[in-house]
Amino acid sequence: MARLRSPADTDMVLALNTGSSTLKYGLYAVGAAEARELLAGAIETDAPDAASFAQIEAAIRSAGLPAPSAIGHRIVHGGPHLRAHCLVDAGVIAKLEAALPFAPLHGPAALALLRLAAAHFPDLPQVACFDTAFHVTLPEVAYVLPIPRALRAEGVRRYGFHGLSCESILDQLGAVVPDRLVIAHLGSGASVTAVKAGRSIDTSMGLTPSGGIVMASRSGDLDPGVILYLLREKGLDPAALETMIDRQSGMLGISGLSGDLRRLARHEADPDAQLAIRLFCYSVRKTIGAMIAVLGGVDMIVFTGGIGEHDAGVRVTIADDLAWAGSPVVRVLPSREDVQIARHAWAVLRAR
């Protein structure tokens, strides 16, 4: 793909954000002062391939825009050894491969996309941007898990996720970031984070993105005895357990119908569909309450993510029961992960 010139202090960063069935992309002109979106789109695909990149290139050409000079990737989990955004090389790939057990739902797809991008754009630097990086500020009391301490050395701890989303909220708030902030990122994956003076001090997801509040098809936190029961009495092996916890539980498991809140809301006469919605809202509300306790009060609650941004009914159900917290300011802001990917990629390249 032919490259057009960009100003010397500006990089054209292609931000890639892969989901379970969608590859989101954005082209940004990034400099020290701003990251300006030039193009954004999404490709519906279960497995990005060379055709996906050809489609992105065609969109860039059609818009008459410069070709990218770097590619930034959202990586959900880099494991214990990758906690800062970095340039991708063979060593980083090896560490990402070793980290796959920490995020089996997201890791393989992200790694495959990295390899595809490197093959399709062999001359472009690739930058890994980690969702876990925002949560490196978690205090020991928040990240240590109550299990034998020897496992801590293997990286078994609370990591926290949706970090790029949380960063984007702080960026949008700018100079008015409150001292005590709760961010509820509510989508098919969902988490709640306590932010004190701009730093993450606790968050609902733990070792993996499967924990925390009830989600679309993920269980969230479970009594460990449930896992033991399924192992002993139902004979489930690790693969079957993983499938159940990540793909068959949450609102889908409760309703037996769907993990999509919009679809569940249309089934007003179905008690299990309505129970799934109520349980989701209850789980979020309870976790927000816990984060308020950690913060010692709350000044603002921000809802973001697909559900957080677009489902007013869910927001009202959650926030109406938080009057005891002193009537904090409640805001709705978009999750702008791709802007953060572009900015971090630029920063890594400039540091190099």
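The values are calculated or read from the model by the stated rules, or taken from the named source; none is laboratory data. This structure is a prediction, so every number in the text was calculated from the model and none was measured. A quick note on method: Cβ atoms are made from the backbone with ideal geometry, for glycine too, and the neighbour counts reach across all protein chains shown. Just the protein is used for accessible areas: all its heavy atoms, side chains included, with ligands, DNA and RNA removed. Shrake-Rupley method; radii C 1.70, N 1.55, O 1.52, S 1.80 Å.
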| request: Under 26 Å Cα to Cα from residue 286, which lysines show up? Leave out anything in the same chain fewer than 8 places away. | output: 196
| remark: Residue separation between residue 327 and residue 152 times 0.36 nm, minus their alpha-carbon distance, gives in nm 59.1 nm
| Cα radius of gyration and Dmax for the range 1-131 (Å) | 14.5, 42
| remark: Net charge (Lys, Arg +1; Asp, Glu -1) of residues whose beta-carbon lies under 13 Å from that of residue 120, residue 120 excluded, is -2
| Which log10 I(q)/I(0) values, to two decimals, does the range 134-273 give at q = 0.10, 0.11 Å⁻¹ under the Debye formula with one point per Cα? | -0.43, -0.51
| field | Taking N as its residue count, the alpha carbon Rg of the range 240-329 over 2.2 N^0.38 Å | value | 1.21
| request: Just the number, please: percent antiparallel of the DSSP beta bridges in the chain, rounded to the nearest 5. | output: 60
| field | Where 152, 61, 83 fall by accessible area, highest first, once all protein chains stay in place (1.4 Å) | value | 61, 152, 83
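R0 = 22 Å: FRET efficiency of residue 89 with residue 49, Cβ-based, nearest 0.05?
0.40
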| Gyration tensor over alpha-carbon atoms, the range 102-211, equivalent ellipsoid semi-axes in Å | 26, 21, 12
| field | Estimated [θ] at 222 nm from DSSP helical runs (n ≥ 4, -39500 (n - 2.57)) normalised by residues in the chain, nearest 500 | value | -11500 deg cm²/dmol
| query | What length, rounded to one decimal in nm, is gained on full extension from residue 221 through to residue 350, with 0.36 nm per residue of separation minus their alpha-carbon distance? | reply | 42.4 nm
| note | Expressed in angstrom and rounded, the centroid-to-centroid distance over alpha carbons for the range 31-57 and the range 184-261 is 29
| query | By the scheme Lys and Arg +1, Asp and Glu -1, what is the net charge of all other residues having a beta-carbon under 13 Å from that of residue 196? | reply | -1
| Tell me, how many Å apart are the Cα centres for the range 329-343 and for the range 81-140? | 21
| Looking at the range 190-258, what % of the alpha carbon pairs are farther apart than 14 Å? | 64
| field | Portion, in percent, of the accessible area of the chain that falls on carbon or sulfur, probe 1.4 Å | value | 54
| message | Using only alpha-carbon positions, what ratio does the radius of gyration of the chain give when scaled by 2.2 N^0.38 Å? | response | 1.00
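Could you give the accessible area per residue of the chain, probe 1.4 Å, as a whole number in Å²? Before the final figure, lay out the partial values.
Numbers: 15960 Å² over 352 residues.
On a per-residue basis, the chain sits at 45 Å².
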| Under a 1.4 angstrom probe, counting protein chains only, how are 191, 69 ranked by accessible area, largest first? | 69, 191
